[in-house]
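The values are calculated or read from the model by the stated rules, or taken from the named source; none is laboratory data. Small disclaimer: the values here were computed from a predicted structure and weren't measured. Don't worry about glycine lacking a Cβ; one is built from the backbone with ideal geometry, like all the others, and counts go over all protein chains shown. Side chains are part of the model used for accessible areas, which takes the heavy atoms of the whole protein and leaves out ligands, DNA and RNA. Shrake-Rupley method; radii C 1.70, N 1.55, O 1.52, S 1.80 Å.
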Amino acid sequence: MLKIEVLRRDHDRAGFDCGNEALNQYIRNIARQHLSKGISRTFVIIDENFQNVILGFYTLTACEIHAEKLPRKYAKKYPPKIPAAKLARISVSKDHQRQGLGALMMIDAIKRVMSVSEHLGITGFFVDAKDSEAKAWYHQYGFMELPDNPLELFLPLPTLKTVLEILTDSSDL
């Protein structure tokens, strides 16, 4: 059975390989430091039978966005700077790619962001797509492009709620 939990010291970070060296180096050398310093939170997906093996991970952080960067219909509703949540990284090990783990982690990330929104003011969920293929993947969750950078994506809080309802109905996590 799959499980998503906060990155622990005993997870095998050195054994993780997603095929992207920057993401590999992040999980191996930086994620735990950022977690302990309160900079971000990294969550790993594991198989309960192999609890130390990281199948994938994602990282959440808080961010502040200039409202002028948002699509006009949103920008006019907010003050100049607005708080938000950001999906800083998401990755699946090479051996487990294209098996739906990314979707499971995205659902979990959205649930966590929605939970945060109940206790802390945020306007939505942001992500920087690394390329057009990643952007297409994020679009399926309702993320929209920001006008000045087509790889910087935004999911407004009301849309986030709707997406969560849809995804929760179709997920077993």
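Residue under question is Lys86, and the condition is that it be under 21 Å from Lys111 (Cα atoms), open to solvent by 30 Å² or more (accessible area, probe 1.4 Å) and touching a Leu at 6+ places or on another chain (Cβ under 8 Å); does it hold? Yes: the conditions hold for Lys86. Here the condition is being closer than 24 Å to Lys77 by Cβ and in contact (Cβ under 8 Å) with a residue 40 or more places away in the chain; of Ser117, Ser93, it holds for Ser117 alone. If the condition is being in a strand (DSSP E or B), buried (at least 16 other Cβ atoms within 10 Å of the Cβ) and in contact (Cβ under 8 Å) with a residue 60 or more places away in the chain, then the range 63-83 contributes only Ile65. Assessment of the range 27-38 against the conditions (within 22 Å of Ala129 (Cβ to Cβ), part of a loop (DSSP other than H, G, I, E, B) and open to solvent by less than 80 Å² (accessible area, probe 1.4 Å)) yields no matching residue. Exactly one residue among Val53, Val44 is more than 24 Å from Lys130 (Cβ to Cβ) and either among the polar types (S, T, N, Q) or modelled with pLDDT of 95 or more (or both), and that residue is Val53.
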